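**Student:** Sending over a structure as structure tokens; questions will come in a sec.
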Amino acid sequence: MIRAQAICSLTEFLRNAKTHIMNLKKTGEPEVLTVNGQAELVVQDAVAYQELLDKLDAIEAIRKGLDAIKRGQGQTIESFFKVFENKHDIPKSK
């Protein structure tokens, strides 16, 4: 969620870019920039943006896995462990 105080005009951002960039890096939170009072842009620190992309990738992978399960694809946990134990020469548990 974007905090209300993280909204400023593009003009203000450009006037005080160094300060805004320091805050973006410090907080990791995005800022909404407005033009003529309307939200137009979102700016974010590169590290925080990459973390966001990584989370989205994980969510997409989970979604794909759930979709595969719904289609009847995949294997049971018992089948997985049987293959895994054989592949890695792990003695079968009793």
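The values are calculated or read from the model by the stated rules, or taken from the named source; none is laboratory data. The structure presented is a predicted model; accordingly, all values stated were derived computationally and were not measured. Heads up, the Cβs are rebuilt from the backbone with ideal geometry, glycines too, and the neighbour counts pull from every protein chain shown. In case anyone asks, the SASA skips ligands and DNA or RNA and just uses the protein heavy atoms, side chains included. Shrake-Rupley method; radii C 1.70, N 1.55, O 1.52, S 1.80 Å.
**Student:** How big is the dipole moment of the chain about its Cα centre under a simple scheme where the beta carbon of each Lys and Arg is +1, that of each Asp and Glu is -1, and everything else is neutral? Debye, nearest 20, please.
**Tutor:** 340
**Student:** Can you list the lysines whose alpha carbon sits under 18 Å from that of Lys55, skipping same-chain ones fewer than 8 residues off?
**Tutor:** Lys64
**Student:** Mind giving me the FRET efficiency for Lys87 and Lys64? R0 is 22 Å, r the Cβ-Cβ distance, nearest 0.05 is fine.
**Tutor:** For R0 = 22 Å, the calculated efficiency reads 0.40.
**Student:** Here's a follow-up. What dipole magnitude, in Debye to the nearest 20, does segment 1-41 give about its Cα centre under +1 on Lys/Arg Cβ and -1 on Asp/Glu Cβ?
**Tutor:** It works out to roughly 200 debye.
**Student:** Measuring with a 1.4 Å probe in the full set of protein chains, what accessible area per residue, in whole Å², belongs to segment 15-94?
**Tutor:** Normalised by residue count, the accessible surface of segment 15-94 is 86 Å².
**Student:** Over the chain, what number does the Rg to Rh ratio reach, with both radii from the alpha-carbon atoms and Rh per Kirkwood? Walk me through the intermediate numbers first.
**Tutor:** On the way: Rg = 23.2 Å, Rh = 17.4 Å.
Radius of gyration over Kirkwood radius for the chain works out to 1.34.
**Student:** Under a straight-distance cross-link criterion of Cα-Cα below 27 Å, which lysines are reachable from Lys92, leaving out those fewer than 8 residues away in the same chain?
**Tutor:** Leaving aside lysines fewer than 8 places away in the same chain, those within reach of Lys92 are Lys82.
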